[in-house]
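Visitor: Can you read through this structure? Questions will come right after.
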Amino acid sequence: MTLDGLQAAVASKVGRAGSWKGNHNKVHLNRFADDFYFTATNKSLLENEVIPTVKKFLTDRGLKLSEEKSRITHINEGFDFLGQTIQKRKGKLLITPSKGSIKRIKSKMKGIVRQAWRWCLRKHPNKSRRWIVDKYFGSIGRRRWIFKGGKEMIFMPSTIKIRRHEVINGDANPYDIEWQNYYEGRISRSLASKKPEKLKRIWINQRKKCWKCKKVIENSREGIIQLIEGNIALEEKVLATKSRLIHRGCHAGF
């Protein structure tokens, strides 16, 4: 609440907020609680206009800008924000876990492995260490000491595939029939990326329509979908059906 109005205060110095015509220097605020950063097209604007305005804004409210946490950097060099590193490489903006975050996670995982090892020793005091390792710890490639239970192993974040963000076409209109194929393509790719075969197959079998209201699942407003599995309660009747896709709003009416 205290920082509400910061964007407007800076915009009054460099141009109208949210207006391409009045904000040629592309000064924008990104904020989460009391953490924030500004972007701009040049360094001098940040030094001479944005930072002084931010300092005055905070001083008027009894606050002070942290010099230790504040710095000006080029987007190609990147910076850390909320545990993520934001950096532009070869023309693409990448947001990845920061080195500090990775280090903290590794430290916690080592602690978990140590606790798991101590638990194994307490559970099997009469078994050899080799027996315990073979039973409770597996390996994949060069990775060792992966805690497991039967055939199941601890999930490895490194197995998550990189998924590129698809920029929305600003000219697209969800209410214009000419853009119907565009939105159907987006929802199709979205379904395919989540559960490659299952969701897409259900969507096609339903002729790309909501199972309840029979309207096409095609755009960002109506295309928020909910997967219903097993027995479905509808109009006070329980229908033993296969999995269905419906709008989230329609699901709320069940």
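Visitor: Mind checking which residues of region 2-28 are at pLDDT 65 or above, exposed (fewer than 15 other Cβ atoms within 10 Å of the Cβ) and assigned to a loop (DSSP other than H, G, I, E, B)?
Guide: The answer is 2, 4, 5, 24, 26.
Visitor: If a residue must be in a strand (DSSP E or B) and small (Gly, Ala, Ser), how many such residues does region 116-143 contain? Working first, answer last.
Guide: So the first thing to find is which residues in region 116-143 are in a strand (DSSP E or B), and the list is 137-140, 143.
Filter once more, keeping what is small (Gly, Ala, Ser): 138-139.
Residues flagged as in a strand (DSSP E or B) and small (Gly, Ala, Ser) within region 116-143 amount to 2.
Visitor: Okay, next question. Hey, can you tell me all the residues within region 109-156 that are touching a residue at least 24 places away in the same chain (Cβ under 8 Å) and on the phi < 0 side of the Ramachandran plot? So that I can check it myself, show each step before the final result.
Guide: At the first step, the residues of region 109-156 found to be touching a residue at least 24 places away in the same chain (Cβ under 8 Å) are 112-113, 116, 145, 147.
Those that are touching a residue at least 24 places away in the same chain (Cβ under 8 Å) and on the phi < 0 side of the Ramachandran plot: 112, 113, 116, 147.
Visitor: Another one. Hey, could you check region 162-173 for residues that are within 24 Å of the chain's Cα centre (by Cα) and not charged (D, E, K, R) and say which is most open to solvent (accessible area, probe 1.4 Å)?
Guide: Just the residues of region 162-173 that are within 24 Å of the chain's Cα centre (by Cα), to begin with: 162-170, 172.
Now narrow it down to the ones that are not charged (D, E, K, R): 162, 165, 167-170, 172.
On the way: 162: 137, 165: 157, 167: 113, 168: 104, 169: 59, 170: 77, 172: 17 Å².
Checking each candidate, the answer is 165.
Visitor: So which residues in region 48-69 are touching a residue at least 12 places away in the same chain (Cβ under 8 Å) and assigned to a loop (DSSP other than H, G, I, E, B)?
Guide: Selection gives 61, 63, 65.
Visitor: Go over the candidates 184, 178 one by one and state the one that is exposed (fewer than 15 other Cβ atoms within 10 Å of the Cβ), out of contact with any Ser or Thr (no Cβ under 9 Å at 6 or more places or on another chain) and either at pLDDT 75 or above or over 18 Å from residue 250 (Cβ atoms) (or both). Give the derivation first.
Guide: Details: 184 fails: exposed (fewer than 15 other Cβ atoms within 10 Å of the Cβ).
Exactly one residue qualifies, and that residue is 178.
Visitor: Report, by residue number, each residue of region 81-95 that is open to solvent by less than 100 Å² (accessible area, probe 1.4 Å) and in a strand (DSSP E or B). Quick ask: steps written out before the conclusion?
Guide: Going residue by residue through region 81-95, those that are open to solvent by less than 100 Å² (accessible area, probe 1.4 Å) are 81-88, 91, 94.
If the condition is that a residue be open to solvent by less than 100 Å² (accessible area, probe 1.4 Å) and in a strand (DSSP E or B), then 81, 84, 85, 86, 87, 88, 94 are the ones that fit.
Visitor: Moving on to the next point. Filter region 128-154 down to residues that are over 33 Å from the mean Cα position of the chain (by Cα) and exposed (fewer than 14 other Cβ atoms within 10 Å of the Cβ) and give me whichever is farthest from residue 83 (Cα to Cα).
Guide: Looking only at region 128-154, we keep the residues that are over 33 Å from the mean Cα position of the chain (by Cα), and these are 128-135.
Next cut, exposed (fewer than 14 other Cβ atoms within 10 Å of the Cβ) only: 128-131, 134.
Working: 128: 41, 129: 38, 130: 38, 131: 39, 134: 36 Å.
Result: 128.
Visitor: Follow-up. In region 43-52, is there at least one residue being of a type outside the set (S, T, N, Q), open to solvent by 40 Å² or more (accessible area, probe 1.4 Å), under 28 Å from the mean Cα position of the chain (by Cα) and modelled with pLDDT of 85 or more? Talk me through it step by step, then tell me what you get.
Guide: Filtering region 43-52 for residues of a type outside the set (S, T, N, Q) gives 43, 45-47, 49-52.
From what's left, open to solvent by 40 Å² or more (accessible area, probe 1.4 Å): 43, 47, 49, 51-52.
Filter once more, so that each one left must be under 28 Å from the mean Cα position of the chain (by Cα): none.
There is no residue in region 43-52 that is of a type outside the set (S, T, N, Q), open to solvent by 40 Å² or more (accessible area, probe 1.4 Å), under 28 Å from the mean Cα position of the chain (by Cα) and modelled with pLDDT of 85 or more.
Visitor: Do we find a residue being open to solvent by less than 40 Å² (accessible area, probe 1.4 Å) and part of a strand (DSSP E or B) anywhere in region 96-115?
Guide: Kept after step one, since they are open to solvent by less than 40 Å² (accessible area, probe 1.4 Å), are these residues of region 96-115: 98, 100-101, 111.
After this cut, where a residue has to be part of a strand (DSSP E or B) as well, the list is none.
Within region 96-115, none of the residues are open to solvent by less than 40 Å² (accessible area, probe 1.4 Å) and part of a strand (DSSP E or B).
The values are calculated or read from the model by the stated rules, or taken from the named source; none is laboratory data. Predicted model, so just to flag it, every value in this text is computed and none were measured. Here the Cβ is made from the backbone with ideal geometry for all residues, glycine too, and neighbour counts use every protein chain on show. All accessible areas refer to the heavy atoms of the entire protein, side chains included, with ligands and DNA or RNA removed. Shrake-Rupley method; radii C 1.70, N 1.55, O 1.52, S 1.80 Å.
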